[in-house]
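> Can you keep this structure in mind? I'll have questions shortly.
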Amino acid sequence: MMRSMFAGVSGLKNHQIRMDVIGNNIANVNTTGYKSSRVTFQDTLAQTLSGATAPQRNRGGINPMQVGLGCGLASIDVLHTAGNLQTTGVNTDLALQGNGFFIVGDGTNNYYTRAGNFGMDTSGRLVYTNGLQLQGWIADPVTGVINTNGRVEGIRLPINDTVDPHATSEIALSGNLNSETPIAPADGSRFTRNIEIFDSLGNPHVLNIVFEKTAANEWDCIVQDPLGVVLHTEGITFDTNGHLATGGPNFAITYNPGTGASPINANIDISSLTQQKADESSVGYEQDGYAMGYLNTFKIDSSGKIIGVFTNGQTKDIAQVAVATFSNPAGLEKAGQTMFQVSSNSGSPQINPSGVGGSGSITPGTLEMSNVDLSQEFTDMIVTQRGFQANSRIITTSDEMLQELVNLKR
């Protein structure tokens, strides 16, 4: 039999494998987070017909004569180049820009993926499409601190979580008192602003802040409880430019709400008040108290931090998504469902927050599309088809030569 026939067979087999890889790439052109593969060939061991000889005296050296025995697979490489991002607007969809993989696991085994189409189940777990949990670090329920040096675990959102109420302790007043306000006891000498504060049980209460002009550039700031009882009176003096001269800029009040909550001890800051010409007086306020709140929704920032948003407007860190990087990501083994697993040549996973240790940044509300280049795949398909066709011609031509040999004996 002829060596060329077996060389042609090896070429057919390997081009068939290359076509299988191309077909798989094209089939996954719209698979989220898919990484395309490529095939490279190498020649196989050659049969030596005569060895090389060294130059001797007046005779030159002779090169070896070898006949190749076909081609073999050199590698099937996974190309971990980045795919384009697709905006979805879904807050649990995540995409990595740069290196790294999301970690999903079942508590025993971890897998790695670039597909960030996660969802939330009925228990609040963030899960991959096959039910594996997204891994990360959970915030301390008391302090809210996230220890990114600790053990990663499945992220679970506390869907029934609450935020304790906070009693008002700081009140800041800002605005302008009309300098043309008449002096008391004339009509219109008073300007009243109602402010809402909270006690330690989260109950709201309304205090009345009364500004009464007592002399040129002088006012009294009178704080009254909801029944009109005066809690504090503070004299305020403005300079000739309308800025605060004396009085404050801070003073304290105490109010017992009578609801079973602790007395409210609040500091009132009036340093931002002015007295200048205006159509009318206008004073705004800010205060740091709030009522109890339930977890309403959540958002994920570019560092992978999951932030809970509560019904009272407060926010709290819940968890942070972990990102794994590998010294040789091409050494990872495909595990199906767009996941990879560690192999002996991938290196151990280095787990960090997004943007740390070479890991890519997270883009929430987007998904990474497949990195398959259709123009390249169709070109490779043509080249593979021609290669397969040429190798088939080797076999048919070798067969015709053998037929001629057989025909010598008739």
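The values are calculated or read from the model by the stated rules, or taken from the named source; none is laboratory data. Worth saying up front: this structure is predicted, and the values here are computed from it rather than measured. So basically every Cβ, Gly included, is an ideal-geometry build from the backbone, and we count neighbours across all protein chains shown. Accessible surface is based on the protein model in full, side chains and every heavy atom, while ligands, DNA and RNA are left aside. Shrake-Rupley method; radii C 1.70, N 1.55, O 1.52, S 1.80 Å.
> Tell me the net charge near residue 86. Cut-off is 11 Å between Cβ atoms, residue 86 excluded, with +1 for each Lys or Arg and -1 for each Asp or Glu. Before the final figure, lay out the partial values.
Details: positive: none; negative: 93, 368.
Combined, the nearby Lys, Arg, Asp and Glu give -2.
> Calculate the spin-label point distance for residue 405 paired with residue 328, positioning each point 7 Å from the Cα along the beta-carbon direction, and give it in nanometres.
About 4.3 nm, to one decimal.
> Sticking with this one: Kirkwood hydrodynamic radius of segment 1-77 from all distinct Cα pairs, in Å? Please report the intermediate quantities before stating the final value.
Numbers: mean 1/r = 0.0644 Å⁻¹.
It is 15.5 Å.
> Once both axes come from the Cα atoms, what is the angle between helix 374-407 and the longest principal axis of the chain, in degrees from 0 to 90, rounded to 10?
Long axis of 374-407 versus the principal axis of the chain: about 10 degrees.
> Accessible area per residue for segment 134-242 in Å², computed with a 1.4 Å probe and the full protein assembly in place, what is it? Before the final figure, lay out each step's value.
Numbers: 5420 Å² over 109 residues.
Here the per-residue accessible area is 50 Å².
> How would you rank 53-59, 294-300, highest first, on the average number of other Cβ atoms within 10 Å across their residues?
On the way: 53-59: 7.9, 294-300: 16.1.
Output ranking for 53-59, 294-300: 294-300, 53-59.
> List nothing, just return the count: lysine pairs in the chain, 8 or more apart or interchain, with Cα separation under 27 Å.
Numbers: 13/35; 13/334; 35/305; 35/334; 213/277; 299/316; 305/316.
So the count works out to 7.
> Can you list the HN-Hα couplings for segment 122-137, worked out from phi with the Karplus curve (6.51, -1.76, 1.60; θ = phi - 60°), rounded to whole Hz and with x for Gly and Pro?
Those phi angles translate into 5, 8, x, 6, 8, 10, 7, 4, 9, x, 5, 7, 5, 9, x, 10 Hz.
> For every other residue with a beta carbon closer than 13 angstrom to the beta carbon of residue 340, add +1 if it is Lys or Arg and -1 if Asp or Glu, then tell me the sum.
Numbers: positive: 35, 114, 334; negative: 333.
My count for the surroundings of residue 340 gives +2.
> Now for a separate question. Quick check: convex hull of the Cα atoms in segment 346-410, volume per residue, rounded to a whole Å³? Kindly include the intermediate steps, with their values, before the conclusion.
Details: hull volume 10.7 nm³, N = 65.
Convex hull of Cα atoms, per residue: 165 Å³.
> Taking loop as defined by DSSP and a crowding limit of 14 other beta carbons within 10 Å, which trypsin sites (Lys or Arg not before Pro) in segment 142-203 fit?
Numbers: sites: 151, 156, 190, 193; in loops: 151.
Hits after loop and neighbour filter: 151.
> Let me ask another. Could you work out the helix-only [θ] at 222 nm for the chain, with each DSSP H run of four or more residues adding -39,500 (n - 2.57) and the total divided by the number of residues, to the nearest 500 deg cm²/dmol?
Rounded to the nearest 500, the figure is -5000 deg cm²/dmol.
> In whole percent, how big is the carbon plus sulfur part of the accessible area of segment 142-202, probe 1.4 Å, protein atoms only? Walk me through the numbers on the way to the answer.
Values: 1610 of 3420 Å².
Reported share for carbon and sulfur atoms: 47 percent.
> HN-Hα J couplings of segment 358-364 from phi, Karplus 6.51/-1.76/1.60, θ = phi - 60°, integer Hz, Gly and Pro as x?
Residue by residue, segment 358-364 yields x, 6, x, 8, 9, 10, x Hz.
> Apply the Kirkwood formula to segment 15-121: the hydrodynamic radius equals the inverse of the mean of 1/r over all pairs of different alpha-carbon atoms; give it in Å with one decimal.
Every distinct Cα pair counted, the radius reaches 18.8 Å.
> I'd like the Karplus ³J(HN,Hα) series for segment 13-23: coefficients 6.51, -1.76, 1.60, θ = phi - 60°, whole numbers in Hz, and an x wherever there's a Gly or Pro.
Computed from phi, the couplings for segment 13-23 are 4, 6, 5, 5, 5, 4, 5, 4, 5, 4, x Hz.
> Taking the Cα centroid of segment 244-314 and of segment 333-410, what is the distance between the two, rounded to the nearest whole Å?
Cα centroid of segment 244-314 versus Cα centroid of segment 333-410: 62 Å apart.
> Can I ask one more? Which percent of Cα-Cα pairs in segment 89-153 sits in each 10 Å bin, short to long?
P(r) for segment 89-153, in whole percents per bin: 19, 48, 31, 2.
> Would you mind counting up the charge near residue 257? Only other residues with Cβ under 11 Å from its Cβ, with Lys and Arg at +1 and Asp and Glu at -1. Numbers along the way, then the final one.
Numbers: positive: none; negative: 199, 225.
My count for the surroundings of residue 257 gives -2.
> Run a plain Debye calculation on the chain (Cα atoms as equal point scatterers, no solvent) and give log10 I(q)/I(0) at q = 0.07, 0.11 Å⁻¹, rounded to two decimals, same order as the q list.
With one equal scatterer per Cα and no solvent, log10 I(q)/I(0) is -0.62, -0.94.
> Per the Kirkwood formula on distinct C-alpha pairs, the Rh of segment 211-291 is how many angstrom?
14.2
> If you don't mind, another one. Determine the relative contact order of the chain: mean sequence separation of Cα pairs under 8 Å and six or more apart, normalised by residue count, in whole percent.
Numbers: 956 pairs, mean separation 93.3, N = 410.
Value for the chain: 23 percent.
> Taking segment 248-360 on its own, what percent of its Cα-Cα pair distances exceed 24 Å?
Values: 3944 of 6328 pairs.
Roughly 62 percent, rounded to a whole number.
> Here is a follow-up. Grab the alpha carbons of segment 303-390, take their convex hull, and tell me the volume per residue in Å³.
Numbers: hull volume 14.4 nm³, N = 88.
Residue-normalised Cα hull volume stands at 164 Å³.
> What is the packing order of peptides 93-100, 312-319, taking the mean over residues of other C-beta atoms within 10 Å and listing the highest first?
Working: 93-100: 21.9, 312-319: 17.9.
Result, highest mean Cβ count within 10 Å first: 93-100, 312-319.
> Also, I was wondering about something else. Report, largest value first, the span of the C-alpha coordinates of segment 158-243 along each principal axis, in whole Å.
In descending order, the Cα extents are 57, 30, 17 Å.
> So, for segment 296-359, what is the accessible surface per residue at a probe of 1.4 Å, expressed in square angstrom?
Numbers: 2850 Å² over 64 residues.
That works out to 44 Å² per residue.
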